[in-house]
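Student: There's a structure below that I have some questions on.
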Amino acid sequence: MPDADEKIDSLTQLPHEILKAARASGIEETPETRSGSYMHLDDKTILSQVEEHYRSQIEIMNTPDALKKYDWLSDYMWNLIDPETDETTKAVEENYSGGYFMRIKEGANVTFPLQSCLMISAQKPQHVHNIIISEPDSSARIITGCALHPQTSKAEHLGVSEIYVKENAYLSFTMIHNWASDTKVRPKSVTHVGENASFISNYVSLKPVADLKMYPKAILDGPHATAHLNSILHAPGESLLDVGSRVDLLAPETRGEIISRAIAKDRAKIIARGLISGQASPLKAHLECRGLLLSDEATIHAIPELVGSKKDVDLSHEAAVGKIADKEITYLMSRGLTEDEATSAIVRGFLDVDIMGLPQELSQQITQLVDDMTEGM
């Protein structure tokens, strides 16, 4: 494994066990499929690289380095999130060691995704502050993975992310968490979406985690802005997942959507939150939460909220929590599947990544993670 201050030139230089954990978080080591890569191990950046074809279109670097390079960047830092919000934000402000700065330049059309991996191999907490700026008329996809080193049993991750999607820009942001059963996770994320801009947020958590709390928010602050926030959650063992999303629609002709799929088994607990606030008119937004219980000791608590403050808002929601129907199991067993195989097939269908509208390559990658998770269920 690289020393704390050692930089690498390629992800392929990482030891096999670290690469394996990174792959399980959606990260690819082959530059042919990525426009740029960033790797943060514990409290150090060990890789920050843009592929040659995209060097005029994107920038990726450690946040402190970006602040030294650009005086104007200080206006973006702590602009969407108040450092006094809670203990997590205070800790990040006081102790942050870096994080990624990504900038998609004006008019850039980045066909291959950017990727970042935040990994923990030490027992001390990881504090990161990330800033993403999609300049006007740009288009890009970002895949970010968070993971624990295979030999690390206990960790704590505290992160702040501020994302700016400017006029007529498009940004798809997919986060895959690959933690462990003794990990505490506290990410904070706010996205500002400008006029006629589109933001898609996909979140996937399939592995055990001791205590995860996150509540990303998208602020639609320009006419015709859109945001889609999707999540796929699987909570086994003693996991506690308090995961939600919020969309604030502040301008007319905006559109918002929150969709979540949650599975709880063993003695796990999921709190699935969702809030849509319509503060202009006309606008339209929808919230959908579906939960599946695979154990009598597991719990799913769905909390959908709609807030409208103008007469022409169109807000809707649907929420459902239940179990696998016996008739579904019986039918699949009649087709030759065992009970375990039938359960796995139903769970895979429930965790349908098609809700995320991902590119085929990434969709197949996440589908494989779901298949691995359900094997032998």
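Student: Take the alpha carbon atoms of segment 322-355, find their center, do the same for segment 49-72, and report the distance between the two centers in whole angstrom.
Tutor: 46
Student: Once you have all Cα-Cα distances for the chain, histogram them in 20 Å bins from zero and send the whole-percent values.
Tutor: Reading the bins upward from 0: 29, 59, 12, 0.
Student: Return a whole-number percent for the relative contact order of segment 11-324, with Cα pairs under 8 Å and 6 or more residues apart as the contact set.
Tutor: Here the relative contact order equals 11 percent.
Student: With +1 assigned to the C-beta of every Lys and Arg and -1 to the C-beta of every Asp and Glu, and no other charges, what is the dipole magnitude of segment 220-306 about the Cα centre in debye, to the nearest 20?
Tutor: Numbers: 9 positive and 11 negative charges, 26 e Å.
Taking the Cα centre of segment 220-306 as origin, the dipole is about 120 debye.
Student: Go through THR183, LEU351, THR330 and say which Cα lies farthest out towards the positive end of the charge dipole of the chain; charges sit on Cβ, +1 for Lys and Arg, -1 for Asp and Glu.
Tutor: Final value for the positive-end residue is THR330.
Student: Sort out for me the Cα centre separation of segment 244-299 from segment 103-126, rounded to whole Å.
Tutor: 25
Student: Only four residue types carry charge here, +1 at the Cβ of Lys and Arg and -1 at the Cβ of Asp and Glu. Report the dipole size of the chain about the Cα centre in Debye, rounded to the nearest 20.
Tutor: 440
Student: Which of GLY256, LEU73, ILE143 sits farthest toward the positive end of the charge dipole of the chain, with +1 on the Cβ of Lys and Arg and -1 on the Cβ of Asp and Glu?
Tutor: Checked the options; the winner is GLY256.
Student: Further question on the same structure: Among the listed pairs LYS20/LYS69; LYS20/LYS44; LYS217/LYS310; LYS90/LYS154; LYS44/LYS269, which have their C-alpha atoms separated by more than 30 angstrom in this model? Intermediate values should be presented prior to the final figure.
Tutor: Values: LYS20/LYS69 34 Å; LYS20/LYS44 20 Å; LYS217/LYS310 21 Å; LYS90/LYS154 22 Å; LYS44/LYS269 33 Å.
Table pairs above 30 Å Cα-Cα are LYS20/LYS69; LYS44/LYS269.
Student: Among MET39, SER56, ILE120, pick out the residue whose Cα is farthest towards the positive end of the charge dipole of segment 1-128, where Lys and Arg carry +1 and Asp and Glu carry -1 on C-beta, about the Cα centre.
Tutor: The residue sitting farthest along the positive end of the dipole is SER56.
Student: Could I ask something else about it? Mind checking segment 238-299 for GluC sites (Glu not before Pro) that DSSP puts in a loop (not H, G, I, E or B) and that have at most 13 other Cβ atoms within 10 Å?
Tutor: GLU297
Student: Okay, moving on. Quick one: Cα centre-to-centre distance for segment 17-42 and segment 163-180, in angstrom?
Tutor: Measuring centre to centre over Cα atoms gives 16 Å.
Student: So for the chain: antiparallel DSSP bridges make up what percent, rounded to the nearest 5? Write out the running numbers ahead of the final one.
Tutor: On the way: 11 of 139 bridges.
Counting only bridges with both partners in the chain, antiparallel ones make up about 10 percent.
Student: Please go through the residue pairs LYS284/LYS327; LYS166/LYS265; LYS184/LYS265 and name each one whose alpha carbons sit more than 31 Å apart in this structure.
Tutor: LYS284/LYS327; LYS166/LYS265
Student: With +1 on the Cβ of every Lys and Arg and -1 on the Cβ of every Asp and Glu, and nothing else charged, how large is the dipole of segment 67-174 about its Cα centre, in debye rounded to the nearest 20?
Tutor: 580
Student: Would you mind putting 281-287, 205-211 in packing order, based on average other-beta-carbon counts within 10 Å, highest first? If you can, show how the numbers build up before the last one.
Tutor: Details: 281-287: 19.4, 205-211: 21.3.
Highest-to-lowest ranking by the protection proxy: 205-211, 281-287.
Throughout, read-outs are computed from the coordinates displayed, never taken from laboratory work. Model, not experiment: these values are computed from the prediction. Cβ sites come from the backbone with ideal geometry, for glycine too, and all protein chains shown count toward neighbours.
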